[in-house]
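First up is the structure itself, then whatever we jot down about it.
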There are 2 protein chains.
Amino acid sequence: MSPKITTELLKQLRQVMKSPKYVQEPVQAYIVPSGDAHQSEYIAPCDCRRAFISGFDGSAGTAIVTEQHAAMWTDGRYFLQAAHQMDNNWTLMKMGLKDTPTQEDWLVSVLPEGSKVGVDPFIIPADQWKRMSKALRSAGHDLVPVKENLIDTIWTDCPHRPCKPLITLDLSYTGVSWRDKIVALRAKMAERKVLWFVVTALDEVAWLFNLRGSDVEYNPVFFAYAVIGMNTIRLFIDGDRMMDPAVREHLQLNSTLEPEFKIQVMPYESILSELQAVGASLSPKEKVWLSDKASYALTEAIPKAYRYLTPYTPICIAKAVKNASETEGMRRAHIKDAVALCELFNWLEKEVPKGTVTEIIAADKAEEFRSQQKDFVELSFATISSTGPNGAIIHYKPVPETNRTLSVNEIYLLDSGAQYKDGTTDVTRTMHFGTPSAYEKECFTYVLKGHIAVSAAIFPNGTKGHLLDSFARSALWDCGLDYLHGTGHGVGSFLNVHEGPCGISYKTFADEPLEAGMIVSDEPGYYEDGSFGIRIENVVLVIPAETKYNFKNRGSLTFEPLTLVPIQTKMIDVNLLTQKECNWVNDYHRKCREVIGAELERQGRHEALQWLIRETEPLTRAQ
Amino acid sequence: MSPKITTELLKQLRQVMKSPKYVQEPVQAYIVPSGDAHQSEYIAPCDCRRAFISGFDGSAGTAIVTEQHAAMWTDGRYFLQAAHQMDNNWTLMKMGLKDTPTQEDWLVSVLPEGSKVGVDPFIIPADQWKRMSKALRSAGHDLVPVKENLIDTIWTDCPHRPCKPLITLDLSYTGVSWRDKIVALRAKMAERKVLWFVVTALDEVAWLFNLRGSDVEYNPVFFAYAVIGMNTIRLFIDGDRMMDPAVREHLQLNSTLEPEFKIQVMPYESILSELQAVGASLSPKEKVWLSDKASYALTEAIPKAYRYLTPYTPICIAKAVKNASETEGMRRAHIKDAVALCELFNWLEKEVPKGTVTEIIAADKAEEFRSQQKDFVELSFATISSTGPNGAIIHYKPVPETNRTLSVNEIYLLDSGAQYKDGTTDVTRTMHFGTPSAYEKECFTYVLKGHIAVSAAIFPNGTKGHLLDSFARSALWDCGLDYLHGTGHGVGSFLNVHEGPCGISYKTFADEPLEAGMIVSDEPGYYEDGSFGIRIENVVLVIPAETKYNFKNRGSLTFEPLTLVPIQTKMIDVNLLTQKECNWVNDYHRKCREVIGAELERQGRHEALQWLIRETEPLTRAQ
């Protein structure tokens, strides 16, 4: 990896920072955040502005360029990568270290008095603007919105914003029509006494209209906004995608609908002016509902007194609770995904001893097996295929420079998943193709105990996921081990592999309570720097539990694993398991054998079936 | 309980709400919060203004009186009590129910346009003022500070503010001199670049100067403020308490000290004007540190640009970590406390079958036995002595109207504690003096499993207490049972029985990480409405743990019980315990027998010793 040479680019950026063509007054600093206008986690190439200006292309980082300096804030996952990818025009600001200044403090320390700090108001979320603006103002500076994105003005070969065809999802996939979703949304709006709802997150637009796209890799979303009134529906979307007869039919654009279900299609870029018009039309007490993470530009379009901001939108919350059709789709997707992984592991078992399988080859092979399955669309994230010390890098992705060959002497960790038209998968298995050491088995077994503790947990209705996080750690803690990431995240239904508002993590507190139908991951791990990584991840469905006393009719919940891929018994030190844990593993493997075995049989994949049968032999504990 | 007749009082209050003698302009509503000027949890009689105006004397509640209405907000613990104590001038606002409006929403719905809402700026914390003021302003009203407390103007027989003598604590109790505490505080101030620190919480003043008082029942504190500068110490305190030679000697008021340790004693009431003078003297970048819970009046005395507000003060954090002298004192206090309880339980075992022991008699007897112990000062909170259905009322306190007789047919729950000069205790035991039912034993055993799960938990240094809360619930959850309170709170060292900034509760998130030397309670429970209550509470000390891998030198922590009172084995269904849990109980009882047995022996309390020996017989589990 050689660093990107940015001298010329920075010179150009500093010129436009002073150019009356783009800024009313010169800005002494310009902030380049990571995100796009929808605060997406994964972004399209045209939105990778921070990577363009700096060379650093990790998933998190904020660049700030002043007349004298160029600085990059990123977190511990990316210190090494950022240092490699950036030239010496850049100063790396290591977030989380004690001596690293915040962006605000740094700006205050380097800026001349009374400076202006520019930022694209579409990229910065409103809550972040507020914090930054306040800090700068109290030091005598101003945060100012710069309408035209200054990076775009110097990015001559900037790729076009993707505008790929849409996929329509019928009721057999979604369970609820877009009309009924609009009706439910309007009911929530009426409950909160708001007149308008602005949909800014891409997965929320996709979910609401039962449409999918492929504008962003791994995420089946498309660039669009929507503004829902009590009697109007406006969809802001570009290109000729609305000319597709299937889409027109799906949205009933040609039908004579009741006016409140008539969708007005408008250009993507017109969202701001339309929203400003809405803002100008409001009477006292009329409110507009936005996510508090919506961009500063859109939030500002609505005068402050009319805004109703919440951390989670009603769409985000409704989307998290999967209905019967979605749940069935997720089950089907996970069965197909398990078939692909049985094929892969069977293949690896034969090939790894030959010394010819690299991390990249294994990842490609996993994709190949998945792509053979019905309704496969794409991967749901970049495959983490890592062996030996690479496994300890939590967000590792093999590239030629780091690509390692799998061997019978090292642990192999595969965290991967796919988008199928009926569901999204995300599964991690940790395997050894030779003989694991006692210490490796010990660590694996603690991680497994944590995985089981969450998966088998019973808890009252209304419990927040973060309250379950410690269950996953208890066995590790007892021996003085831990892992530095959360235990689980929400998973979309043929949508983003990470979605709110629920999860299982010590880091969050404002998560919404778990309820039946929600789907999260359960993925504790253990990482020994320089040696190996272990993670065991299933996607699990929240289901009602049966308990002796049922919380006085408050109701009980537990989890059902949707992922049905064997957990390598060779890695388990069975004497560290309780009888209950041992039974859990055997029940799980019995189900894998039944459900996935039947599908392997049906697909005529006999060798993988034999592998599955071998790998699901029951454990027995010494008494 | 008959309600207080408040018609005349409300008439008088409404008059002063319009009287130019007290308000610049009439206020259309007046808020009467629960607290005092120090945001204390327990308050002195002179501060019980909300109880005076309404009759409702529960520990939490806010009254709002308008020209037409009088409304009281309180939580589920007090719905019944408030309804009984208030006459029909009052509307009860049941907090936590879906249809109950917030105070702000209610005010907006009943007030005429452009109203003024008054509140005593010394009683309302700054953060609460901010929230309330913002909500009212956005609806066109104003929150205004009313300098003179309007309740005080009509409370003709208001008791005097207590002004009791002080107790000085020498190094053998405190471990650190007040001078060294000032030095440490100034170091923290220098670290954060603040010039002044304002001590507003009563227990923080007491801790800082190694003084105790008795102005508030159960809490060994005294009314005072302090303002610490880098070279000055100002103590705001009333009465002739500073004339006491022991206090003068302790604070070295007569010595020729270095000027930076010279304490200036000032009248309690002069805090505001002195703080305003400090505020007026500041140069740019000079800061004053306050708790964000300090009163609005004191916070406003410092111009906004000069304020440095934190949720926990450095004193609060330092106070929570007990030094060796404090820990030893706490150990001694808990040994004495256990002696008193062994005496009590031995006595109850003999007397209860006679049918002559009521809840009040039992509570009084507990106090009698405690008061025989060395350095006993007072109780640390109102004793919860409850039998049968009363045990299910979590904050029960026996009064003649509810006083129930203990019997061999009902569970008895005793939650009690004391202030000794060397430490503060808080212990709950649940006993049966006849034969408990299988269901009672089952529930008790789940609670015990939860208690053990927390007490024996091992976790990495830096873990926040709220992450341990679910451990206490897991066994109950498995059977569909739960309890609706947190699992533990911080405990002071001869100070408040509830103190921040740590605890074990699903409700908090902003607690400070646990560290060795902190002391918290571990008190899961189970409550069957109308039948019984179960709670098992020990005070536990955070200590370093030894683990196999020690979190890569991050360090491990666990708890050591300071409370050493037998847990009634008759209530335990031993077959529901794991071998590890059984061992924990036996180890705990062995320690009780050793440590408390020796002290009972030393004090010549032979009958109680025999009781202790009987109650600490080891459990055996069927294999």
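Between the amide H of B:Glu378 and those of B:Gln419, distances stay under 5 Å, these residues lying 5 or more places away or on another chain, with hydrogens modeled in the peptide plane.
For B:Lys262, inter-copy separations between label points set 7 Å beyond Cα along the Cβ vector come to 8.5 nm, shortest first. The order of A:Leu619, B:Leu448, going from fewest to most other C-beta atoms within 10 Å of their C-beta, is A:Leu619, B:Leu448. Straight-line cross-link reach from A:Lys181 at under 12 Å between alpha-carbon atoms covers these aspartates and glutamates, not counting any fewer than eight positions away in the same chain: A:Glu204. The string of couplings for segment B:536-548 from the Karplus curve (6.51, -1.76, 1.60, θ = phi - 60°) is 10, 10, 10, 8, 10, 9, 6, 10, x, 10, 9, 10, 4 Hz, one whole number per residue in order, with x for Gly and Pro.
The order of A:Thr620, B:Thr6, going from fewest to most other C-beta atoms within 10 Å of their C-beta, is A:Thr620, B:Thr6. Derived scalar couplings between HN and Hα for segment A:64-74 equal 10, 10, 10, 4, 9, 10, 9, 10, 10, 9, 8 Hz in order, rounded to whole Hz, by the Karplus curve 6.51 cos²θ - 1.76 cosθ + 1.60 (θ = phi - 60°), x for Gly and Pro. Taking Cα atoms, how many degrees apart are the long axis of helix A:324-351 and the longest axis of chain A, rounded to 10 and kept between 0 and 90? The answer is roughly 60 degrees.
Only lysines eight or more places from A:Lys441 in sequence, or on another chain, were considered; those with a Cα closer than 25 Å are A:Lys350, A:Lys354, A:Lys397, A:Lys449, A:Lys570, A:Lys580, A:Lys591, B:Lys548, B:Lys552, B:Lys580. Calculated FRET efficiency, B:Thr156 and A:Glu113, Cβ-Cβ r, R0 60 Å, to nearest 0.05? The formula returns an efficiency of 0.50 here. Mean sequence separation of contacting Cα pairs (under 8 Å, at least six apart), scaled by the length of segment A:98-256, corresponds to a relative contact order of 18 percent. If R0 is taken as 41 Å, the Cβ-Cβ distance between A:Thr578 and A:Ser531 corresponds to a FRET efficiency of 0.90. Between the alpha-carbon centers of segment A:368-392 and segment B:85-162, tell me the distance in whole angstrom. Their Cα centres are 59 Å away from one another. The charge dipole of segment A:487-623, taken about the Cα centre with unit charges on the Cβ atoms of Lys, Arg (+1) and Asp, Glu (-1), comes to about 420 debye, rounded to the nearest 20. Residues whose amide H falls under 5 Å from that of A:Ala224, counting only those 5 or more places apart or on a different chain, are absent, with hydrogens built in the peptide plane.
Label points for B:Ser531 are taken 7 Å from Cα along Cα→Cβ. From this copy to the others they lie 5.1 nm apart, shortest first. Comment: the Cα-to-Cβ extended label point of B:Glu328, at 7 Å, lies 7.3 nm from its counterparts in the other copies, nearest first. Spread over its residues, the convex hull of the C-alpha atoms of the protein assembly as shown is 191 Å³ per residue.
Can you list which of the chymotrypsin sites (Phe, Trp or Tyr not before Pro) found in segment B:221-279 are DSSP loop residues with at most 14 other C-beta atoms within 10 Å?
When the chymotrypsin sites (Phe, Trp or Tyr not before Pro) of segment B:221-279 are filtered for loop state and at most 14 Cβ neighbours within 10 Å, nothing remains.
Backbone geometry of segment B:488-503 corresponds, through the Karplus equation with coefficients 6.51, -1.76 and 1.60 at θ = phi - 60°, to 3J(HN,Hα) couplings of x, 9, x, 10, x, 9, 6, 8, 4, 6, 10, 8, x, x, 10, x Hz, x marking Gly and Pro.
For segment A:134-240, trypsin sites (Lys or Arg not before Pro) are listed when DSSP marks them as loop and at most 16 other Cβ atoms sit within 10 Å of their Cβ; the list is A:Lys147, A:Arg192, A:Lys193. To the nearest 0.05, how large is the calculated FRET efficiency for A:Ser270 and B:Ala280 if R₀ is 56 Å and r is the Cβ-Cβ distance? With R0 = 56 Å, the Cβ-Cβ based efficiency is 0.55. Amide H contacts under 5 Å for B:Thr424: B:Phe494, B:Leu495, restricted to partners 5 or more places along the chain or on a different chain, H placed in the peptide plane at 1.01 Å from N.
Evaluated with a Cβ-only charge set (Lys, Arg +1; Asp, Glu -1), segment A:6-154 carries a dipole of roughly 200 debye about its Cα centre, given to the nearest 20.
Each of A:Glu617 and B:Asn88 was given a label point 7 Å from its Cα along the Cα-to-Cβ line. The distance between the two points is 8.1 nm.
Among residues other than B:Glu512 with Cβ under 12 Å from its Cβ, the summed charge is -1 (Lys and Arg +1, Asp and Glu -1).
Holding the Cα-Cα limit at 19 Å, pick out from A:Lys262/A:Lys293; B:Lys164/B:Lys262; A:Lys98/B:Lys193; A:Lys134/B:Lys134 the pairs that are longer than that. Numbers along the way, then the final one.
On the way: A:Lys262/A:Lys293 28 Å; B:Lys164/B:Lys262 24 Å; A:Lys98/B:Lys193 16 Å; A:Lys134/B:Lys134 17 Å.
Check vs 19 Å cut-off fails for A:Lys262/A:Lys293; B:Lys164/B:Lys262.
Chain A has one residue whose beta-carbon comes closest to the axis relating it to chain B; that residue and its distance in whole Å are A:Phe509, 2.
Read the figures in this text as sums done on the coordinates, not as results from a lab. Since the model is a prediction, treat every value here as computed from it, not as a measurement. All Cβ positions, glycine included, derive from the backbone under ideal geometry; neighbour counts span all protein chains shown.
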